[in-house]
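Take a look at the structure below.
The values are calculated or read from the model by the stated rules, or taken from the named source; none is laboratory data. Note that the coordinates shown come from a computational prediction; the quantities given were computed from them, not determined experimentally. Please note: Cβ atoms are built from the backbone with ideal geometry, for glycine as well, and neighbour counts cover all protein chains shown. Keep in mind that these areas ignore ligands, DNA and RNA; they rest on the heavy atoms of the full protein, side chains included. Shrake-Rupley method; radii C 1.70, N 1.55, O 1.52, S 1.80 Å.
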Amino acid sequence: MADVGITESEQEVEKKIEEIRQRFKTEYIQDPTDKYDERDVDRLRKDDLLVESYLTWRHFVVDDALKMIDESFQWRKEYKVNDLTESSIPRWMFETGAVYLHGYDKEGNKLFWFKVKLHVKDAKMVVDKKKYVAFWLERYAKREPGMPLTVVFDMSESGLSNIDMDFVKYIINCFKVYYPKFLSKMVMYEMPWIMNAAWKIVKSWLGPEAINKLKFVTKSDVQEYIGAEYLPPHMGGTDSFKYSYPPLPDDDFQSPISENGPITSEDEAESKDGEAEGRDTLESGPNAEQALKVKKVTFLEESLRQDEYDKGDAVSKTKTARKPMSTFKGALLHISPAEEICFGSKDCERKCLIILNNVTKNHVAFKVRTTAPEKYRVKPSNTSCEPGVSVDIIVSLHGGFQASPQDRFLIMAAEMDQGPGTGSQELAQFWKEVPKSKIMEHRLRCHIIERSIPTSLSKDIPLSNGKTSPEDLHSKLIRVMASSKRLEEQIDHCLWLQKMLIGLVSLLMAATCFILHLLYTGSSRL
């Protein structure tokens, strides 16, 4: 929860990660089956990002990180977090809608809602309530690893009977110890004045580092943090979402209505895109905005046959697409980029490349979905790749649209039997029959490239036909700014010298005038 200001070099971090692994093995693990879940210990051995998250949270102090890992792993074992499922939690808890994930704040962080008026203090339900929160956090951590959450405590119509301080402390511990770096902020909506004393205690639990993450808001200022589109009407918003169970709310990636229906061919997709782009200029009035809102209710998925995909055309298009610079190594596919795809305002920044590399010995079927189907064109979006083969996927923005940090992409993959048909009908049947447990999912978020380079400077930075990497641009920008700073210093020095010279000349002229005046008055007396 704290914003860590300490930075470490990559080499130092790698050394400390290895030190943690070695010391955890020798100092903490006697018989892991007694103290920890072996799956968590295995993750610690293999997942660098997991270890680094604990290190970063504890300001790169190895001893503190080890204690935190020990406490976190014991908690996971006690509550059997790795095995939590919907059936592990009493059904009525889900039906109340007291806790759920839905929507985003203005920074693009997922909202974790707590409807305080629906909570009742009851000692008999403590363990189940804690498992309930753990279920939601673990579900989110697996879906969006490393992505922060904004917790919203909706206290409207609540009172002291709804406040369980032990439960509140547990929620805070979840973010302080069990899920480090996951908390973006806590938004306290319409807190009754009678609870002021209770929240002073909460602040002490949070500690001084995290106090600035508490945001006490009312209906008049809550939209500073959360836009109206993700606020319910009683909070002054326009979000018509109503929690219901089953199923669990999954507003990010809904099933497309055409998933089991006819598959769109390449030509049909092209013609529909042409029509959509033509309408962009016509539907610029209020009706266009209304049309977009209707479109967002469903999920549009472009399906493409592998045998119809023009590889030559794909090669030419990838030249103008932004190349990925990181890789996620999954069990079936290696996916580049690993976490986010970048879009900007320039033409060359409106296309991105996703590279999928099949690392199995069988065919792998995959499909790509997005939360904003009206904005993006994905080619190909539903096909398969052979063993050891890489597939380039072009993600491009439709004309008139801009990418948003709230936009997400989901890549689904499943291993197929050797030598299957890969036509549209075979793929549609395959996705109907494949068990959910065998589907690999990976999510990518959108990153918006901010323009911080002044126009006058950007013209002076040489670009080599789109081949310049962001690192090169960054280093060139630093050099330009350093040169600019040196020029400013030289100009300041010149101005100072100029002022000194003007002052000296003025003094000299004054002295000359004074001497001439004395000579003139002396001669006149003579």
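Before moving on, here are some points about what is shown:
- Given (1) within 27 Å of the chain's Cα centre (by Cα); (2) surrounded by 15 or more Cβ atoms within 10 Å (Cβ to Cβ); (3) at pLDDT 65 or above, number of the condition M416 does not satisfy: (1)
- Some residue of region 120-142 being outside any helix (DSSP H, G or I), open to solvent by less than 20 Å² (accessible area, probe 1.4 Å) and not aliphatic (A, V, I, L, M): no
Let's see how each residue does on (1) touching a residue at least 24 places away in the same chain (Cβ under 8 Å); (2) in contact with a helix residue (DSSP H, G or I) (Cβ under 9 Å, 6 or more places away or on another chain); (3) within 28 Å of Y225 (Cα to Cα); (4) not basic (K, R):
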position: R45; (1), (2), (3), (4): yes, yes, no, no
position: V51; (1), (2), (3), (4): yes, yes, no, yes
position: I69; (1), (2), (3), (4): yes, yes, no, yes
position: F73; (1), (2), (3), (4): yes, yes, no, yes
position: K77; (1), (2), (3), (4): yes, yes, no, no
position: S88; (1), (2), (3), (4): yes, yes, no, yes
position: K117; (1), (2), (3), (4): yes, yes, yes, no
position: K129; (1), (2), (3), (4): yes, yes, yes, no
position: V133; (1), (2), (3), (4): yes, yes, yes, yes
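- Residue satisfying condition, being in contact with a Lys or Arg (Cβ under 8 Å, 6 or more places away or on another chain) and either closer than 30 Å to P324 by Cα or modelled with pLDDT of 85 or more (or both), within set R451, R443: R443
- Residues in region 361-405 that are among the acidic types (D, E) and open to solvent by 30 Å² or more (accessible area, probe 1.4 Å): E386, D392.
- Any hit, region 82-104, residues being more than 28 Å from D128 (Cβ to Cβ) and in contact with a Pro (Cβ under 9 Å, 6 or more places away or on another chain): yes
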